[in-house]
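Encoded as structure tokens, the structure appears first; notes follow it.
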Amino acid sequence: LEVIKSRAVELISEEELAKKLAGSLRYNRPLKIKLGVDPTAPDIHLGHCVVLEKLREFQDLGHVAILIIGDYTARIGDPSGRSEARPLLKPEEIERNARTYVEQVFKILDEDKTRILFNSQWLEPLKLEEVSLVSSQFTLARLLERDDFQKRFRSGLPISLLEFLYPIMQAYDSVAIGADVELGGTEQKFNLLVGRDLQREYGQEPQIILTMPLLVGTDGVNKMSKSLGNYIGVSEEPQEIFGKVMSIPDSVIIDYLELTTDLDPQEIL
């Protein structure tokens with residue numbers, strides 16, 4: 001628990017996780033640890049690595065890492081932290097980005113202990129009747145609890161029905177694989193909670209939620225993002241990575257040491 005909780009922002013809930021870990025030991029059954037990533041842009045950057053490192057820690061503790069490439073949910077686009085709808089990507093863009101993710105993710109994860117799945121496997125075959133059944137488990141009021149939806153609704157900005165479907169489809173991923181734990185950045189908390197709700201509806205034990213901090217980009221202000229150009233890509237040339245790291249403002253150096261290295265906290269301070 002000490003290793004799992006290190007650097008994490010929120011754990012829902014520690015008591016439930018302790019029970020799952022005890023059962024894992026008793027029955028020699030590794031837990032299924034889920035991380036979903038949508039290939040909406042090529043390349044993995046250090047911001048992705050914060051949660052990937054936590055997934056690697058679960059692997060080192062003997063559990064199964066299940067990386068879900070959201071090749072189907074990427075067609076909708078995650079509305080988390082968005083003030084407007086994402087532009088829809090072409091299938092060939094998604095496929096190209098997904099290949100890049102798969103190539104780069106093993107810079108961090110143990111390939112022998114990682115299962116990579118594409119959520120089009122179970123989402124694409126769903127019929128309208130099944131989508132309606134899944135969607136019926138949630139109310140508009142529940143979906144509007146989401147902070148970014150609330151802000152857009154109050155500001156009179158449009159929210160498409162497609163965007164409302166996103167957290168529901170992502171939650172269905174947890175049902176499809178029977179996830180025990182799901183990891184994500186703090187902006188993913190709503191999506192992860194919806195996963196717990198949907199698992200209960202399907203008679204599954206709800207997944208544990210573990211959220212990780214968002215890494216600030218090289219500008220020292222906004223979260224690391226390719227669209228903002230403040231990122232450090234894991235496959236960039238060494239001299240390029242070095243130059244970007246050296247440009248990080250002093251005010252966020254501690255954050256970088258805490259979130260992107262395995263240095264002891266006492267050593268950092």
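The values are calculated or read from the model by the stated rules, or taken from the named source; none is laboratory data. These numbers come from a predicted model, not from an experiment. When we count neighbours, we look across all protein chains shown, and the Cβ atoms used for this are built from the backbone with ideal geometry, even at glycine.
Take residue 148 and tell me if it is in the same structural domain as residue 47 (by TED's automatic domain parsing), surrounded by fewer than 20 Cβ atoms within 10 Å (Cβ to Cβ), closer than 28 Å to residue 54 by Cα and more than 20 Å from the chain's Cα centre (by Cα).
no
The set of residues from the stretch 213-269 being in contact (Cβ under 8 Å) with a residue 12 or more places away in the chain and of a type in the set (Val, Ile, Thr) comprises 216, 218, 232, 234, 245, 248, 252, 254, 260, 268.
Every residue, every condition in (1) among the β-branched types (Val, Ile, Thr); (2) not assigned by TED's automatic domain parsing to the domain that holds residue 12, yes or no:
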{"position": "195", "(1), (2)": "no, no"}
{"position": "198", "(1), (2)": "no, no"}
{"position": "209", "(1), (2)": "yes, no"}
{"position": "246", "(1), (2)": "no, yes"}
{"position": "257", "(1), (2)": "no, yes"}
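Per-residue answers, yes or no, for (1) closer than 27 Å to residue 232 by Cβ; (2) touching a helix residue (DSSP H, G or I) at 6+ places or on another chain (Cβ under 8 Å); (3) in the same structural domain as residue 115 (by TED's automatic domain parsing); (4) without any contact (Cβ under 8 Å) to a residue 12 or more places away in the chain:
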residue	(1), (2), (3), (4)
25	no, no, yes, yes
30	no, yes, yes, no
37	yes, yes, yes, no
40	yes, yes, yes, no
43	yes, yes, yes, no
71	yes, yes, yes, no
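Are any of the residues in the stretch 222-240 at pLDDT below 95, among the basic types (Lys, Arg), outside the structural domain of residue 171 (by TED's automatic domain parsing) and not in a loop (DSSP other than H, G, I, E, B)? Yes - at least one qualifying residue is present in the stretch 222-240.
Screening residue 116 against (1) under 23 Å from residue 35 (Cβ atoms); (2) surrounded by fewer than 18 Cβ atoms within 10 Å (Cβ to Cβ); (3) over 16 Å from the mean Cα position of the chain (by Cα) leaves a single unmet condition, (3). How many residues are surrounded by fewer than 18 Cβ atoms within 10 Å (Cβ to Cβ), at pLDDT 90 or above and either within 17 Å of the chain's Cα centre (by Cα) or not assigned by TED's automatic domain parsing to the domain that holds residue 63 (or both) when one looks only at the stretch 93-107? The total comes to 1.
Residue selection: residue 181 satisfies the criterion of being of a type in the set (Val, Ile, Thr), in contact with a His (Cβ under 9 Å, 6 or more places away or on another chain) and crowded, with 18+ Cβ neighbours inside 10 Å.
Taking residues in the stretch 107-123 that are in contact (Cβ under 8 Å) with a residue 24 or more places away in the chain, and partners anywhere that are surrounded by 13 or more Cβ atoms within 10 Å (Cβ to Cβ) and among the aromatic types (Phe, Trp, Tyr), the pairs with Cβ atoms closer than 6 Å and at least 6 places apart or on different chains are 119/72; 120/72; 123/72. If you go through the stretch 42-61 one residue at a time, how many are β-branched (Val, Ile, Thr) and within 19 Å of residue 11 (Cα to Cα)? Total meeting the criteria: 2.
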